[in-house]
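As structure tokens, the structure follows; a few thoughts come after it.
Readers should treat all values here as calculations from the given coordinates under stated rules, not as data from a laboratory. This one's a predicted model, so the numbers in the text were calculated from it and none came from an experiment. Methodologically, a virtual Cβ is constructed for each residue, glycine included, from the backbone with ideal geometry; neighbour enumeration extends over all protein chains shown.
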Amino acid sequence: MKQTYTLEALDRRIIAALQRDASLSHADLAKCIGSSTASCWRRIKQLEAAGVLTATVRLVDAEKIGCGVNVLCNIRVQSHSRENRASFEDFIRARPEVMECYSMSGDWDYLLRVVAADVADYERFLMRTLLEHPSVGSASSHFALSLTKYTTAVPV
């Protein structure tokens, strides 16, 4: 069982501010949350050491770079053996068009979020790559028509 980290009020303010804008300097962050620069720096280091804060990234508007099609794809694997699952998961980790992959309960084994330039681009990935993998038994694709909400911010 994973151990949870107990967040104090200052930790919550730091996390909320950094989720809005990770490019804030420690001084700007301190001013934003009402704390000292040194205190912010120490708390950030503690949160990083505990694994609460991980990579600092910049988000990209996928549509503006030609990856505007979002597909949610359910996958059923051929076998649930450890080797088969490991093979599939290694394969998925190596595929840049797969943005997210979840092992699921229920009728399907995995749920993928895949980005593509257009429907033909997704079809090529599905038919020539995904369904060709020996671990994959079947797939069901669902195309997102529009985006109602997207966030990377975890509620704190």
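Some points to look at:
- Length added when fully stretched, Arg20-Val119, from 0.36 nm per residue minus Cα-Cα: 32.4 nm
- Its Cα gyration tensor gives segment 85-144 an equivalent ellipsoid, and the semi-axes of that ellipsoid, as √(5λ) in whole Å with the largest first, are 18, 13, 12.
- Alpha-carbon Debye profile of segment 12-51, log10 I(q)/I(0) at 0.26 Å⁻¹: -0.85
- Under the simplified labelling scheme, the Met1-Ser35 pair shows an inter-label distance of 2.8 nm, with each label point 7 Å from Cα along Cα→Cβ.
- Excluding same-chain neighbours fewer than eight residues apart, the aspartates and glutamates reachable from Lys45 by a Cα-Cα span under 16 Å are Glu8, Asp11.
- Pairwise Cα inverse-distance average, inverted: Kirkwood Rh of the chain (Å): 18.5
- With at most 11 neighbouring Cβ atoms within 10 Å, loop trypsin sites (Lys or Arg not before Pro) (DSSP) excluded, longest segment of the chain: 59-148
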